[in-house]
Amino acid sequence: MRTDTGQVFRLEDYRPSSFLIPEIDLTFRLAPEATIVVARLTIERRGGAPLDTPLVLDGDGLNLKQLELEGVALPASAYTATPDSLTIARPPLTGRFTLTVETELSPHTNQALMGLYLSNGVYCTQCETEGFRRITYFLDRPDILSVYRVRIEAERAEAPLLLSNGNPVEGGTLAGGRHYAIWHDPFPKPSYLFALVAGKLGAVTDSFVTASGRKVALAIHVEPGKEARASYAMDALKRSMRWDEERFGREYDLDVFNIVAVSDFNMGAMENKGLNVFNDKYVLADEETATDTDFASIEAVIAHEYFHNWTGNRITCRDWFQLCLKEGLTVYRDHEFSADQRSRAVKRIAEVRTLRAHQFPEDQGPLAHPVRPRRYREINHFNTSTVYEKGSEVVRMIHTILGPATFRAGMDLYFERHDGEAVTIEDFLKVFEDVSGRDLTQFALWYHQAGTPNLTITAGYNKEAAELTLDIEQSVPPTPSETRKRLMHIPLAFALVGKDGKDIDYSHVDGAAIENGVLHIRKRRHSVRFSDVDERPALSLNRGFSAPITMSIEQTLDERAFLARHDSDPFSRWQAFNTLLTDALMNGARQYRGGKAHDFSEELTALAGAIAANESLEPAFRALALALPAEADIARELGQNIDPDAIFAAREALAVAIGDANQGLFERLAAGLAGDDAFSPDAASAGRRALANALLDYLSTGSRGPERAAHQFATANNMTDRAAALSILANRHPNRAETTEALAAFEARCHSDALVLDKWFQVQAAMPGPQAVDRVGRLMRHPAFSIANPNRVRSLIGTFSTANQTGFHRADGGGYQLFADTVLEVEKRNPQVAARLATAMRSWRSLEPVRQEKARQALARLSAALNLSADLRDIVERTLA
């Protein structure tokens, strides 16, 4: 584990390396305590590099055993080796030479889960971003592309399965009960895409015939006995492969494609070329262990990692500042895949909810950074919502601006022009400029400038002249290190909605350019006048969330309610009702702090009932619409002086008001949604379950609420309904006997399945109120909890710190104290996970003064801890700044 070096890396300091490594041969002699790695590097000096340039290779905690140059052992005087670097002051002046490096690793003691480590007896690697340097000395940077040949040796009894990137070449038996396998990847790749897996694993196998007729062998490797739970993942993989051929013209390029699921993994999954390694939560699923959300996540993550084969692997990043080039683009691709597989409208709403819940606070806080950062101290910290989700939104805006056909032409040119290269954001934008003839210089600010733009919009209607005028003003709030902002190009999709609920035809003069229902905002102020508008319309703005912005616009409650009932754009329809709910909850929270009773309008509760009963809307949409804004969403909208208890009280009161006003209706609707015993994870079935559980949540606020939820828990034939009932009991009725009994029954049912037990931890971590701190402390001592396992830590501590606003933000600071203690304990083993946990404190300055001071003290204690890793110190110091 490296401690903080204080080094800051800057985009403007990028320079090509003086050396290249076009080929690497790796031999692994696997053993838990002492694995030997022999790396034979073919090195060549880059043209134009000074002849006196030393060769400096990266390391991280390495133990060098032997070093040879052109097959001859190097004397100690010819090089300088430390655990973190290897320097040869005078490398050969010839065009090419070979360097053979032998290192010794201890996979068993590697708890950071970077480099080569053991997960439940399975050897596994994780090399993104800088894990390969924990295996051997190397030029560990994305722009060093090498062809890999890998030989793996292990005891057959310990590791009958031996996998690496590319295609299998040969395998055989060795003396002493050992065996070997050789893999060759013909496509040059950066070291972060290297992968090795060896161990005892079961497999689900299948095949896929590509568009050109090649047969690809597919395999998903899981813990023995769990093979049946990988069938949905296999189906999702095959659908992903076909979709990528049809939608983007991308065909798979190797003879085999392997996926491995492991239980100890820092992330969701990793796209290593031809050998994707997954956290098993994104592979294993059946109706008894996985919710509908789990099935949808598996489908999306399987697709995401597969799509990286082209957007990330065949075309990779020149440097880590370009991370969004692979991640934002591939998130956009997996979003489009999910939209085509399921409901485009529902998927879009879910994407925006995620963006607002995670990326908007990032943009508004101390951790704000552009989609393409300009500097970093620890690159792992840029696997963020800004890089991924906002990066996806930027690609989506390119699609909106150019249109489907031109966007596809740009992507085709990108693949043709840059296959096999390590490229930049400028390379990506250039292909779209070339195919469209447009200048995207101003649009490129979305990559270079942090912050969420805001549009202030004022509407004026002149009935006599039949004219509507929109006055639009653009602003971008300051962010850390960036106080002066430049004006953005914002594509604002819109419509004018008439009294009949239909979009109004219009003509326009002056103002911003309008193309296909999209206003192109480029200046600070626009005044756009629409003529031949015979009635005052309702404004449907930012349709489909065409740009990741906020808007300040005066609309009456009646106008918003009208859009919630009639807008033909599903996202804008959802947005209108969600804004009504948000405004009501903000007022309720303010009333609570003022000592007044909550007051919610009958119109609002009736509108909730009307949306629930509207059978012209798909059930999944109705379920999303009925979901109250999260407490964190309300806090974000309030902005400052946040009292989490007030927000919680307002939210509970609104749930009761909606439930009481619609009890009979919701009971009838719920009865009509009761299905047969057959379970299917398809989108339509999942949507019906989502609506039924949304209705149950409201019905649970009534006198028979605990009884209803307990009955569903006891009779559910799938995890979706069982987990929903348990969550309702825990959140609505934490002190009832039904809740205690259900929690005990769930634990007894799933005690031997870690992934399912994670749901049990999550439910209890989210239970509101001041008792949450003690509850979480007790759960940390549960035999099934392991602070060394990222999934366990995220399920308990991650849920507590992000989803339990009243518990985590307990007024006496007890939640922050427990959190700080835990982060420091996790950091001893896994700095990356600890740093990601610490981001939960990013909005501490928005709290009311008492909580704010308690949070500051907890952060100060983290900052003062000795020997903090670069990962954690970077987050803490930026959060405190």
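Out of curiosity, is A228 within 30 Å of D721 (Cβ to Cβ), buried (at least 17 other Cβ atoms within 10 Å of the Cβ) and of a type in the set (G, A, S)? Can you show your working first?
Numbers: within 30 Å of D721 (Cβ to Cβ): yes; buried (at least 17 other Cβ atoms within 10 Å of the Cβ): no; of a type in the set (G, A, S): yes.
Answer is no for this residue.
Does segment 465-475 include one or more residues that are closer than 28 Å to V394 by Cα, open to solvent by 30 Å² or more (accessible area, probe 1.4 Å), of a type in the set (S, T, Y) and modelled with pLDDT under 95?
Quick first cut of segment 465-475, residues closer than 28 Å to V394 by Cα only: 470-475.
Still in the running and open to solvent by 30 Å² or more (accessible area, probe 1.4 Å): 471, 473, 475.
If we keep only those that are of a type in the set (S, T, Y) too, we end up with 475.
Those still in the list that are modelled with pLDDT under 95 too: none.
No.
Please indicate, with yes or no, whether at least one residue in segment 203-214 is acidic (D, E) and more than 30 Å from E287 (Cβ to Cβ).
Narrowing segment 203-214 to residues acidic (D, E): 206.
Pick out the ones that are also more than 30 Å from E287 (Cβ to Cβ) and you get none.
Checked segment 203-214: no residue is acidic (D, E) and more than 30 Å from E287 (Cβ to Cβ).
All but one of (1) open to solvent by less than 20 Å² (accessible area, probe 1.4 Å); (2) under 19 Å from G798 (Cβ atoms) hold for L818, so report the exception by its number.
Every condition holds for L818 apart from (1).
Is there a residue being in a helix (DSSP H, G or I) and in contact with a helix residue (DSSP H, G or I) (Cβ under 6 Å, 6 or more places away or on another chain) anywhere in segment 262-276? Break it down into steps so the answer makes sense when it comes.
Taking segment 262-276 and keeping what is in a helix (DSSP H, G or I), we get none.
So far as segment 262-276 goes, no, none of its residues is in a helix (DSSP H, G or I) and in contact with a helix residue (DSSP H, G or I) (Cβ under 6 Å, 6 or more places away or on another chain).
All but one of (1) modelled with pLDDT of 95 or more; (2) open to solvent by 20 Å² or more (accessible area, probe 1.4 Å); (3) touching a strand residue (DSSP E or B) at 6+ places or on another chain (Cβ under 6 Å) hold for G268; which doesn't?
Looking at each condition in turn, G268 falls short on (1).
Being touching a Ser or Thr at 6+ places or on another chain (Cβ under 8 Å) and farther than 22 Å from D286 by Cβ is true for just one of A788, A744, A737, A765. Which residue is that? Lay out the reasoning, then the answer.
Details: A788 fails: touching a Ser or Thr at 6+ places or on another chain (Cβ under 8 Å); A744 fails: touching a Ser or Thr at 6+ places or on another chain (Cβ under 8 Å); A737 fails: touching a Ser or Thr at 6+ places or on another chain (Cβ under 8 Å).
That would be A765, the only listed residue that is touching a Ser or Thr at 6+ places or on another chain (Cβ under 8 Å) and farther than 22 Å from D286 by Cβ.
Could you please tell me which pairs satisfy a Cβ distance under 7 Å, a separation of 6+ or placement on different chains, a first residue in segment 649-675 that is touching a residue at least 60 places away in the same chain (Cβ under 8 Å), and a second residue that is among the charged types (D, E, K, R)?
R651/E631
Any residue that is among the hydrophobic types (A, V, I, L, M, F, W, C), over 28 Å from E223 (Cβ atoms) and either surrounded by 17 or more Cβ atoms within 10 Å (Cβ to Cβ) or without any contact (Cβ under 8 Å) to a residue 40 or more places away in the chain (or both) - is there at least one of those in segment 716-727?
Taking segment 716-727 and keeping what is among the hydrophobic types (A, V, I, L, M, F, W, C), we get 716, 719, 723-726.
From the residues that got through so far, the ones that are over 28 Å from E223 (Cβ atoms) too are 725.
From what is left, the residues that are either surrounded by 17 or more Cβ atoms within 10 Å (Cβ to Cβ) or without any contact (Cβ under 8 Å) to a residue 40 or more places away in the chain (or both) are 725.
Looking through segment 716-727, at least one residue is among the hydrophobic types (A, V, I, L, M, F, W, C), over 28 Å from E223 (Cβ atoms) and either surrounded by 17 or more Cβ atoms within 10 Å (Cβ to Cβ) or without any contact (Cβ under 8 Å) to a residue 40 or more places away in the chain (or both).
Which residues, taken from segment 34-52, are over 14 Å from Y148 (Cα atoms) and basic (K, R)?
R45, R46
Hey, can you tell me all the residues within segment 454-498 that are out of contact with any Lys or Arg (no Cβ under 9 Å at 6 or more places or on another chain) and among the basic types (K, R)?
Hits for segment 454-498 are R484, K485, R486.
Any residue at all in segment 795-809 that's in a helix (DSSP H, G or I), closer than 18 Å to S752 by Cα and either of a type outside the set (A, V, I, L, M) or open to solvent by 40 Å² or more (accessible area, probe 1.4 Å) (or both)? Explain how you work it out, then say what you get.
Applying the first criterion (in a helix (DSSP H, G or I)) to segment 795-809 yields 795-803, 805-808.
Checking the rest, the ones that are also closer than 18 Å to S752 by Cα come to 795-796.
Now drop any that are not either of a type outside the set (A, V, I, L, M) or open to solvent by 40 Å² or more (accessible area, probe 1.4 Å) (or both), which leaves 795.
Yes; the residues of segment 795-809 include at least one that is in a helix (DSSP H, G or I), closer than 18 Å to S752 by Cα and either of a type outside the set (A, V, I, L, M) or open to solvent by 40 Å² or more (accessible area, probe 1.4 Å) (or both).
Among the listed residues F9, F19, identify the single one that is buried (at least 16 other Cβ atoms within 10 Å of the Cβ) and closer than 29 Å to A835 by Cβ. Full working, then the answer.
Values: F19 fails: closer than 29 Å to A835 by Cβ.
Of F9, F19, the one residue that is buried (at least 16 other Cβ atoms within 10 Å of the Cβ) and closer than 29 Å to A835 by Cβ is F9.
With the requirement that a residue be more than 14 Å from V371 (Cβ to Cβ) and touching a residue at least 24 places away in the same chain (Cβ under 8 Å), what does segment 441-463 give you? Write out each step before concluding.
Step one: of segment 441-463, the residues more than 14 Å from V371 (Cβ to Cβ) are 441-442, 454-463.
Selection gives Q442, N454, L455, T456, I457, T458, A459, Y461, K463.
Return the residue satisfying two criteria in turn: it lies in segment 350-377 and is charged (D, E, K, R) and open to solvent by 10 Å² or more (accessible area, probe 1.4 Å), and of such residues it is nearest to N454 (Cα to Cα).
As a first pass, look at segment 350-377 and keep what is charged (D, E, K, R): 351, 353, 356, 362-363, 372, 374-375, 377.
Pick out the ones that are also open to solvent by 10 Å² or more (accessible area, probe 1.4 Å) and you get 351, 353, 356, 362, 372, 374-375, 377.
Values: E351: 19, R353: 17, R356: 14, E362: 16, R372: 20, R374: 23, R375: 25, R377: 30 Å.
Among those residues, the one meeting the criterion is R356.
When residues of segment 213-246 are filtered for being of a type in the set (D, E, K, R) and in a strand (DSSP E or B), how many remain? Outline the logic, then answer.
Within segment 213-246, the first condition is being of a type in the set (D, E, K, R), and the residues that meet it are 214-215, 223, 226-227, 229, 235, 238-239, 242, 244-246.
Next, only the ones that are in a strand (DSSP E or B) stay: 215.
Of the residues in segment 213-246, 1 are of a type in the set (D, E, K, R) and in a strand (DSSP E or B).
Being open to solvent by 30 Å² or more (accessible area, probe 1.4 Å) and assigned to a helix (DSSP H, G or I) is the filter; apply it to segment 760-774 and report the residue that is farthest from N718 (Cα to Cα). Give the steps one after another, and end with the answer.
At the first step, the residues of segment 760-774 found to be open to solvent by 30 Å² or more (accessible area, probe 1.4 Å) are 762, 770-771, 774.
So of that shortlist, the ones also assigned to a helix (DSSP H, G or I) come out as 762, 774.
Values: Q762: 18, D774: 31 Å.
Only one residue tops the list, namely D774.
Kindly provide the set of residues from segment 90-112 that are under 20 Å from V277 (Cα atoms) and in contact with a strand residue (DSSP E or B) (Cβ under 6 Å, 6 or more places away or on another chain), ordered by number.
P107, H108, N110
For segment 448-464, name all the residues that are hydroxyl-bearing (S, T, Y) and crowded, with 17+ Cβ neighbours inside 10 Å. Walk me through it before giving the result.
Going through segment 448-464, the residues hydroxyl-bearing (S, T, Y) turn out to be 452, 456, 458, 461.
Once the filter is applied, which keeps residues that are hydroxyl-bearing (S, T, Y) and crowded, with 17+ Cβ neighbours inside 10 Å, segment 448-464 yields only T452.
Matching residues to (1) at pLDDT 95 or above; (2) among the aliphatic types (A, V, I, L, M); (3) farther than 30 Å from E251 by Cα; (4) touching a helix residue (DSSP H, G or I) at 6+ places or on another chain (Cβ under 9 Å):
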site	(1), (2), (3), (4)
P404	yes, no, no, no
F443	yes, no, yes, yes
Q449	yes, no, yes, no
G460	yes, no, yes, no
K463	yes, no, yes, no
P480	no, no, yes, yes
I490	yes, yes, yes, yes
L496	yes, yes, yes, no
H508	no, no, yes, no
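Inside segment 775-785, can you point out the residues that are open to solvent by 20 Å² or more (accessible area, probe 1.4 Å) and either in contact with a Ser or Thr (Cβ under 6 Å, 6 or more places away or on another chain) or not in a loop (DSSP other than H, G, I, E, B) (or both)?
Residues satisfying the conditions are R775, R778.
Being among the basic types (K, R) and either within 18 Å of W446 (Cβ to Cβ) or in contact with a helix residue (DSSP H, G or I) (Cβ under 7 Å, 6 or more places away or on another chain) (or both) is the filter here, so list the residues in segment 279-334 that pass it. Don't jump to the end; show me each part of the working.
Narrowing segment 279-334 to residues among the basic types (K, R): 281, 314, 318, 326, 333.
Scanning segment 279-334 gives K281, K326, R333.
Would you mention how many residues in segment 713-736 are in a helix (DSSP H, G or I) and more than 22 Å from A655 (Cβ to Cβ)? If you could, list the steps in order and put the result at the bottom.
Within segment 713-736, the first condition is being in a helix (DSSP H, G or I), and the residues that meet it are 713-715, 719-732.
Now restrict to residues that are more than 22 Å from A655 (Cβ to Cβ): 714-715, 719.
Matching residues across segment 713-736 total 3.
Can you tell me how many residues in segment 384-438 are in contact (Cβ under 8 Å) with a residue 60 or more places away in the chain, closer than 29 Å to I514 by Cβ and either of a type in the set (S, T, N, Q) or open to solvent by less than 30 Å² (accessible area, probe 1.4 Å) (or both)?
Result for segment 384-438: 14.
Being of a type in the set (D, E) and more than 24 Å from the chain's Cα centre (by Cα) is the filter here; which residues of segment 391-425 pass it?
Narrowing segment 391-425 to residues of a type in the set (D, E): 393, 412, 416, 419, 421.
Those that are of a type in the set (D, E) and more than 24 Å from the chain's Cα centre (by Cα): D412, E416, D419, E421.
Sort out which residues of segment 231-256 are hydroxyl-bearing (S, T, Y) and crowded, with 19+ Cβ neighbours inside 10 Å, and write them in order of number. Give the steps one after another, and end with the answer.
To start, the set of residues in segment 231-256 that are hydroxyl-bearing (S, T, Y) comprises 231-232, 240, 252.
Scanning segment 231-256 gives Y232, S240, Y252.
Looking only at residues that are open to solvent by 40 Å² or more (accessible area, probe 1.4 Å) and part of a helix (DSSP H, G or I) in segment 591-609, which one is modelled with the lowest pLDDT? Quick ask: steps written out before the conclusion?
The first filter runs over segment 591-609 and keeps only residues open to solvent by 40 Å² or more (accessible area, probe 1.4 Å), leaving 591-599, 601-603, 606.
If we keep only those that are part of a helix (DSSP H, G or I) too, we end up with 591-593, 602-603, 606.
Numbers: Q591: 91, Y592: 88, R593: 78, E602: 96, E603: 97, A606: 98.
Only one residue fits best here, namely R593.
Give me the helices (runs of 4 or more DSSP H) completely within segment 610-707, filtered to those with at least 3 residues that are closer than 24 Å to R736 by Cα and open to solvent by less than 20 Å² (accessible area, probe 1.4 Å), ordered by residue number. Before the answer, list the steps.
Values: elements: 619-626, 631-638, 644-661, 663-673, 683-699.
In segment 610-707, 644-661, 683-699 are the helices (runs of 4 or more DSSP H) which contain 3 or more residues that are closer than 24 Å to R736 by Cα and open to solvent by less than 20 Å² (accessible area, probe 1.4 Å).
The values are calculated or read from the model by the stated rules, or taken from the named source; none is laboratory data. This structure is a prediction, so every number in the text was calculated from the model and none was measured. All Cβ positions, glycine included, derive from the backbone under ideal geometry; neighbour counts span all protein chains shown. Areas reflect the complete protein model, heavy atoms only, side chains present, ligands, DNA and RNA absent. Shrake-Rupley method; radii C 1.70, N 1.55, O 1.52, S 1.80 Å.
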